[in-house]
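Peer 1: This is the structure I have questions about; it appears just below.
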Amino acid sequence: MKSKASIKSHPLHPILVSFPIAFFIGAFVADVVGLATTSEDFVRLSEWLSIAGISMALVAAIPGIIDYIFTVPPESSAKQRATKHGLLNVSVVILFVVAHLTKDGGLATAVLIEGVAVVLLMISGWLGGTLVYRNQIGVDPRYADAGKWNEQRFERSVNPIEVASADELKDNQMKLVVVGGKRIAIGKSESGYYAFDDRCTHKGGALAGGALICSTVQCPWHGSQFTIRDGAVTAGPAKANIKTYPLEQKNNKLYLTISTA
Ligand code: FES
């Protein structure tokens, strides 16, 4: 799933999080050394590292929030994971703020709080790794002939709604349209254009980011396959079919009808 906060396809969040991770761990280690050696220099160093970590965490949060809203598929296992990841990160920042404010009252307490924060940071980092390496958030895994990532958003749903021109896609290419928040994939096969839910019925993987071959779309997360003509599941682990939508071609334009039923 291509990141919405990236520069030349390089997602910004994974780049920026390196800074708060390094600063927070550095602050904790400096305080531990300061506690062990009673060196004021290390405690002072830790304070500056804490401030740098908190500042960079807030900067890194901006592309993270953008990807959380626009890149992570809604109603998916990745969304739940990303929510926990975000809450853990907020907790880490709060704990480092608290440790920073309480340091004058006792360094040992501050070190304890920072230790808890670093453990939470590790757990959050693990979840972040799962989001990238397994859920492919920010990764564009599509095959060579899939074309560039093609996504278009529509504010209001009028029925039918013009969603593409008839020559926009080649065989086995897909486009994601988001109509009033609803994500629908448009795919072209040898037999024509089809519209279907972007959401895999297994754990919510985004099908528009998968592979389309011979009218079959394969989910990028665990490989479930669906026939795009009627939405039938042809290979698990998904068990339920995906919903399909009427797509009509008129005057070189494609019109999508979204039923409310
Ligand atoms: S989310 Fe598991 S196969 Fe699609």
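The values are calculated or read from the model by the stated rules, or taken from the named source; none is laboratory data. The structure displayed is predicted, hence computed values, not measured ones. Cβ placement follows ideal geometry from the backbone for every residue including glycine, while neighbour counts extend to all protein chains displayed. When the accessible area is computed, the model is the full protein with side chains, heavy atoms only, and any ligands, DNA or RNA have been set aside. Shrake-Rupley method; radii C 1.70, N 1.55, O 1.52, S 1.80 Å.
Peer 1: Can you name the residue in the range 234-251 that is in contact with a strand residue (DSSP E or B) (Cβ under 6 Å, 6 or more places away or on another chain) and not hydroxyl-bearing (Ser, Thr, Tyr) and is also farthest from the ligand (Cβ to nearest atom) among such residues?
Peer 2: Within the range 234-251, the subset in contact with a strand residue (DSSP E or B) (Cβ under 6 Å, 6 or more places away or on another chain) is 234-235, 241-245, 247-248.
Subset that is not hydroxyl-bearing (Ser, Thr, Tyr): 235, 241-243, 247-248.
Details: Ala235: 9, Asn241: 13, Ile242: 10, Lys243: 15, Leu247: 22, Glu248: 28 Å.
Among residues in the range 234-251 that are in contact with a strand residue (DSSP E or B) (Cβ under 6 Å, 6 or more places away or on another chain) and not hydroxyl-bearing (Ser, Thr, Tyr), the one farthest from the ligand (Cβ to nearest atom) is Glu248.
Peer 1: What are the residues in the range 45-88 that are over 15 Å from the mean Cα position of the chain (by Cα) and within 22 Å of Asp140 (Cα to Cα), if any?
Peer 2: Result: no residue meets the conditions.
Peer 1: Do we have any residue at all in the range 46-59 that's open to solvent by less than 80 Å² (accessible area, probe 1.4 Å) and within 22 Å of Ser9 (Cβ to Cβ)? Lay out the reasoning, then the answer.
Peer 2: First, pick out the residues of the range 46-59 that are open to solvent by less than 80 Å² (accessible area, probe 1.4 Å): 46-47, 49-57, 59.
Adding the requirement that they be within 22 Å of Ser9 (Cβ to Cβ) leaves 59.
Yes, some residue in the range 46-59 is open to solvent by less than 80 Å² (accessible area, probe 1.4 Å) and within 22 Å of Ser9 (Cβ to Cβ).
Peer 1: Are any residues in the range 235-244 at pLDDT 90 or above and either among the β-branched types (Val, Ile, Thr) or surrounded by fewer than 20 Cβ atoms within 10 Å (Cβ to Cβ) (or both), and if so, which ones? Can you show your working first?
Peer 2: Of the residues in the range 235-244, the ones at pLDDT 90 or above are 237-244.
Those that are at pLDDT 90 or above and either among the β-branched types (Val, Ile, Thr) or surrounded by fewer than 20 Cβ atoms within 10 Å (Cβ to Cβ) (or both): Pro237, Lys239, Ala240, Asn241, Ile242, Lys243, Thr244.
Peer 1: Tell me yes or no: at least one residue of the range 188-204 is crowded, with 21+ Cβ neighbours inside 10 Å, touching a residue at least 60 places away in the same chain (Cβ under 8 Å) and in a strand (DSSP E or B).
Peer 2: Checking the range 188-204: at least one residue is crowded, with 21+ Cβ neighbours inside 10 Å, touching a residue at least 60 places away in the same chain (Cβ under 8 Å) and in a strand (DSSP E or B).
Peer 1: If you don't mind, there's one more thing I want to ask. Specify which of the listed residues (Ala261, Ala232) is modelled with pLDDT of 90 or more and of a type in the set (A, V, I, L, M, F, W, C).
Peer 2: Values: Ala261 fails: modelled with pLDDT of 90 or more.
That would be Ala232, the only listed residue that is modelled with pLDDT of 90 or more and of a type in the set (A, V, I, L, M, F, W, C).
Peer 1: Test each condition in (1) at pLDDT 85 or above; (2) touching a Ser or Thr at 6+ places or on another chain (Cβ under 9 Å) for Val119 and report the one that comes out false.
Peer 2: With (1) at pLDDT 85 or above; (2) touching a Ser or Thr at 6+ places or on another chain (Cβ under 9 Å) applied to Val119, the lone miss is (2).
Yes/no per residue for (1) away from the ligand (no atom under 16 Å from the Cβ); (2) in a strand (DSSP E or B); (3) surrounded by 20 or more Cβ atoms within 10 Å (Cβ to Cβ):
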residue: Ala164; (1), (2), (3): yes, yes, yes
residue: Asp167; (1), (2), (3): yes, no, no
residue: Val177; (1), (2), (3): yes, yes, yes
residue: His222; (1), (2), (3): no, no, no
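Peer 1: Continuing with the same structure: Looking at Gly231, is it within 16 Å of the ligand (Cβ to nearest atom), part of a loop (DSSP other than H, G, I, E, B) and within 15 Å of Ser189 (Cβ to Cβ)?
Peer 2: Values: within 16 Å of the ligand (Cβ to nearest atom): yes; part of a loop (DSSP other than H, G, I, E, B): yes; within 15 Å of Ser189 (Cβ to Cβ): yes.
So Gly231 passes the test.
Peer 1: Restricting the search to the range 133-162, which residues are in a loop (DSSP other than H, G, I, E, B), aliphatic (A, V, I, L, M) and exposed (fewer than 13 other Cβ atoms within 10 Å of the Cβ)? It would help to see each step written out before you state the result.
Peer 2: Going residue by residue through the range 133-162, those that are in a loop (DSSP other than H, G, I, E, B) are 134-143, 147-150, 155-160.
This time we only want the ones that are aliphatic (A, V, I, L, M), so: 137, 139, 158.
Result: Val158, single match.
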